[in-house]
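One structure is given below, encoded as structure tokens.
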Amino acid sequence: MYCTRKVTEDLIWVGADDRRLACFEGVYGVPDGVSYNSYLLLDEKTVLFDTVDKAVYSVFLENVAHTLNGRKLDYLVVQHMEPDHAATQELLLQRYPEAKIVCNAKIQTMMKQFLGVDLSARTVLVKEGDTLNTGKHSFTFVMAPMVHWPEVMMTYDLTDKTLFTADAFGTFGALNGRLFNDETDFFLEDLDEARRYYTNIVGKYGAQVQAVLKKAGKLEIARVCPLHGYVWRSHFGDFLEKYLLWSSYTPEEKSVLLAYASVYGHTENAANILACKLAERGVRVRMYDTSVTPASYIVSDAFRCSHLVFAATTYNAGVFVTMEQLLHDIAAHNLQNRKVALIENGSWAATSGKVMKEILSGLKGIEFIETGVSLKSALAESQLAQLDALADLLAEEINPKPVAGEAAPAAAAEPAVFTPEAVDNKVFSKFSYGVEVLTTRVDGKDYGCIINTAGQVASADPKKITISCIKKNYTCDMVGKAGRFNISILTEDAPYSLFQRFGFQSGRDVDKFADLPYDDRMANGIRYVPEYTNAVLSCEIIDVKDLETQVLYIANVVEAKVLSKAPSCTYGYYHAHIKPKKNPAPEEKECWVCKVCGYVYEGADMPEDFTCPLCKHGKADFEHIVPEVKPKVKGWVCKICGHFEPCEGELPADYTCPLCKHPREDFERAEQ
Ligand code: FEO
């Protein structure tokens with residue numbers, strides 16, 4: 001029986017879960033299974049985005065047939081030729097002989113290699129920026145070499161703003177019915193497996209991932225459809241932030257990965273003592289026995305932690321096999337920018353420290369901490385001080401103590417005078433404000449805006465609250481005229497579109513309530529927002545104070561009711577989880593970006609009295625972005641995988657690409 005889910009009205013997920021697979025790619029254990037995603041668009045033309053692994057071919061074909069409901073398949077878009085997405089192509093193409101294949105030239109070559117037949121007669125070749133129209137939808141193509149193979153491309157739906165990202169933004173783990181990221185507690189339940197997936201599958205290709213993120217950062221994205229894991233339709237910026245860290249080899253946390261290889265327990269004992277000493281110093285330790293934990297989990301945490309400690313016994317005049325395997329794995333995944341400490345053990349000729357160092361020393365930005373420890377069979381009492389020294393050094397780097405001896409500033413004798421340099425505006429985002437919709441009504445017309453300034457100031461009945469509004473905000477004038485208002489307290493599930501509706505447009509220009517499916521009002525006749533709201537208050541203004549740029553209203557609460565148990569949305573939560581993150585691509589022009597709503601003012605000089613045309617905040621709420629000007633570097637770029645090799649002159653005759661191993665002939669001149 002078919003098993004499908006709708007992504008949008010005309011885009012259907014037709015993939016499947018596999019919970020019986022022991023090892024993904026024959027290497028990576030997947031105890032929670034894996035999903036193979038495929039998507040079918042029902043436009044004037046029908047379009048299938050990739051196929052699935054052979055393990056789930058049966059339900060996949062049933063899903064496609066059911067979704068097509070008798071229609072023919074017009075296009076198969078192939079974005080990646082790895083068999084977990086391509087092994088069912090042949091069956092599908094036999095079943096739908098009229099379907100055209102949409103792919104790039106490298107994919108075409110690989111299809112011939114894998115399938116053994118030339119399908120060029122039914123292929124539409126595309127390259128970067130080409131478009132395909134299927135009726136209501138138009139698509140363009142974004143090449144993504146080495147994310148995760150050289151032929152990979154992504155597809156962007158210009159109509160619905162959907163980005164099909166191939167392997168990128170995938171995760172290990174079966175979907176278990178949950179197709180969308182907001183149907184799981186992703187950052188609590190799934191992030192570890194997403195990290196393990198990224199670091200082990202594409203971790204080596206950070207530069208290529210950064211290049212494609214830069215291209216994708218220029219697109220307006222409503223949803224992301226990867227080939228494994230969840231469809232992202234909200235809070236994608238939070239996941240993107242992780243990708244920016246992982247692909248730039250930046251640690252996610254200041255902590256220690258402590259991995260050890262021990263035959264009879266003596267090396268393990270030293271590792272345990274070090275772990276205790278670190279914990280006593282307030283350092284977080286993630287600890288693994290390399291003989292027990294598969295390397296993919298340890299590689300994943302090596303990308304996560306800032307400091308790495310490897311402890312291993314000597315074995316066959318080298319290093320114990322499971323540690324050797326792990327370190328080669330870390331080196332193969334190109335980990336960079338970490339501090340590393342080593343503990344070796346050897347009963348007669350210790351070599352493990354030297355071998356461990358050799359394996360890792362070719363990696364960029366790896367710094368070895370010299371306070372290593374060399375054990376002879378077992379940790380000696382006299383060596384406890386060495387572990388203390390190592391723990392002290394790691395703790396000092398991870399949790400540096402404040403510099404002692406600096407005299408406290410003398411108490412100010414005179415009242416302090418305001419100077420803009422003395423006030424860091426970021427401090428104000430540390431207050432835990434709520435976020436509300438302020439509504440009022442004048443001459444039969446409704447007005448509303450977003451505020452984050454409501455607070456209770458007196459608890460005796462009638463209870464009193466204050467709100468303040470920006471003077472230039474039209475609703476502010478209307479509240480003054482009406483003498484009364486309602487406050488709808490927003491909840492954490494409030495969508496960004498609600499903030500756009502009430503926060504980023506003016507009641508002078510538009511009716512913010514147009515098209516809303518509700519018209520709920522309190523006894524005072526003023527509307528409120530019944531959705532994404534946990535409480536509503538009606539207030540009568542009793543006093544007004546002019547605050548230069550804002551007006552402060554003090555009001556009695558005359559009616560109040562609770563609407564739901566959902567948690568209130570704080571200003572911090574809005575910024576962390578609701579407001580889309582800024583474009584990760586570096587700004588190319590000098591500009592000012594509004595920290596409240598994201599409006600971009602282009603130009604170097606912003607007038608002092610400028611106010612944001614969307615949210616009405618002033619210049620103080622803008623961030624001045626000055627693009628970094630980097631001189632262009634001459635070099636050669638690999639036409640296969642995109643690797644850039646800085647080089648003024650000619651590449652050596654025997655040069656091969658360090659990533660895809662293609663020869664010098666596959667490079668062309670470039671500047672970056
Ligand atoms: Fe999911 Fe690179 O295949």
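Every number here is computed from the coordinates shown, using simple stated rules; none is lab data. All values reported here derive from a predicted model rather than from experimental measurement. Cβ coordinates were reconstructed from backbone atoms using ideal geometry, including for glycine residues, and neighbour counts include every protein chain displayed.
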Charges on Cβ only, +1 for Lys and Arg, -1 for Asp and Glu, centred on the Cα centroid of the chain; of Leu614, Val319, Cys641, which one is farthest towards the dipole's positive end?
Leu614
Can you tell me, using C-alpha contacts under 8 Å and at least 6 residues apart, the relative contact order of the stretch 584-667 as a whole percent?
21 percent
Inverse mean reciprocal Cα-Cα distance (Kirkwood Rh) of the stretch 181-320, Å:
17.1 Å
In Å, the Kirkwood hydrodynamic radius of the stretch 20-172 over pairs of distinct alpha carbons?
15.8 Å
Output needed: percent of Cα pairs per 10 Å distance bin for the stretch 325-404, bins running from 0 to the one holding the longest distance.
16, 40, 33, 10, 1
Give me the dipole magnitude in Debye, nearest 20, for the stretch 44-146 about the Cα centre, with unit charges on the beta carbon: positive for Lys and Arg, negative for Asp and Glu.
260 debye
Any aspartates and glutamates whose Cα falls less than 20 Å from that of Lys72, other than same-chain ones fewer than 8 residues away, would be Glu9, Asp10, Asp43, Glu44, Asp50, Glu62, Glu90, Glu98
Kirkwood hydrodynamic radius of the chain from all distinct Cα pairs, in Å?
29.1 Å
Rounded to the nearest 5, the percent of antiparallel DSSP beta bridges in the stretch 313-380 equals 10 percent
For the stretch 352-374 and the stretch 197-236, what is the separation of their C-alpha centers, rounded to whole Å?
32 Å
Go through Lys464/Lys561; Lys595/Lys630; Lys595/Lys619; Lys106/Lys639; Lys364/Lys661 and tell me which ones have a Cα-Cα distance over 21 Å in this structure.
Lys595/Lys630
Using a basic spin-label model with each label point 7 Å from the Cα along Cα→Cβ, how many nm lie between Gln94 and Asn269?
6.3 nm
Net charge dipole size for the chain [Lys, Arg +1 and Asp, Glu -1 on Cβ; Debye, nearest 20]
680 debye
The chain: relative contact order from alpha carbon pairs under 8 Å, six or more residues apart, as a whole percent, is 8 percent
Any idea how far apart Ala331 and Phe187 come out in nm if each label point goes 7 Å out from Cα toward Cβ?
3.7 nm
Per-residue Cβ neighbour rank within 10 angstrom, fewest leading, Trp592, Trp232, Trp348
Trp348, Trp592, Trp232
With the charge dipole of the stretch 31-73 built from beta-carbon charges (+1 for Lys and Arg, -1 for Asp and Glu) about the Cα centre, the Cα from Leu42, Ser58, Gly70 projecting farthest to the positive end belongs to Gly70
How big is Rg to Rh over the stretch 115-170, alpha-carbon atoms, Rh as the Kirkwood inverse-mean-distance radius?
1.02
What FRET efficiency would be calculated for the residue pair His66, Ala514, taking the C-beta separation as r and a Förster radius of 41 Å, to the nearest 0.05?
0.60
Residue order, fewest to most surrounding Cβ atoms within 10 angstrom, among Asp301, Asp182, Asp509:
Asp509, Asp182, Asp301
Quote the relative contact order of the stretch 1-115 in percent (integer), defining contacts as alpha-carbon pairs under 8 Å separated by 6+ residues.
23 percent
Per the 1/(1 + (r/R0)^6) rule, R0 = 56 Å and r from the Cβ atoms of Ala385 and Asp546, FRET efficiency to 0.05 is 0.25
Hey, could you get me the Stokes-Einstein D for the stretch 232-293, Kirkwood radius over alpha-carbon pairs, 10 °C and 1.306 mPa s, rounded to whole µm² s⁻¹?
113 µm²/s
What is the sum of charges around Gln386, taking Lys and Arg as +1, Asp and Glu as -1, for the other residues whose C-beta is under 14 Å from the C-beta of Gln386?
-3
For the chain, give the share of DSSP beta bridges that are antiparallel, in percent and rounded to the nearest 5; count only bridges with both residues there.
70 percent
Restricted to pairs 8 or more residues apart or on different chains, the lysines in the stretch 139-262 with C-alpha atoms under 21 Å apart form a number of pairs equal to 10
Once you put a point 7 Å from the Cα of Glu370 and another 7 Å from the Cα of Lys661, both along the Cβ direction, what distance in nm separates them?
3.9 nm
What translational diffusion coefficient, to the nearest whole µm²/s, does the stretch 246-327 have by Stokes-Einstein, given a Kirkwood radius computed over alpha-carbon pairs, a temperature of 25 °C and 0.890 mPa s viscosity?
188 µm²/s
What order do you get for 460-469, 480-489 when each peptide is scored by the mean count of other beta carbon atoms within 10 Å, highest first?
480-489, 460-469
Find the Cα radius of gyration of the stretch 464-622, compare it with 2.2 N^0.38 Å by division, and give the number to two decimals.
1.13
Note the full-extension length gain between Ala378 and Asp609 as 0.36 nm times their separation in residues minus their Cα-Cα distance, in nm to one decimal.
76.1 nm
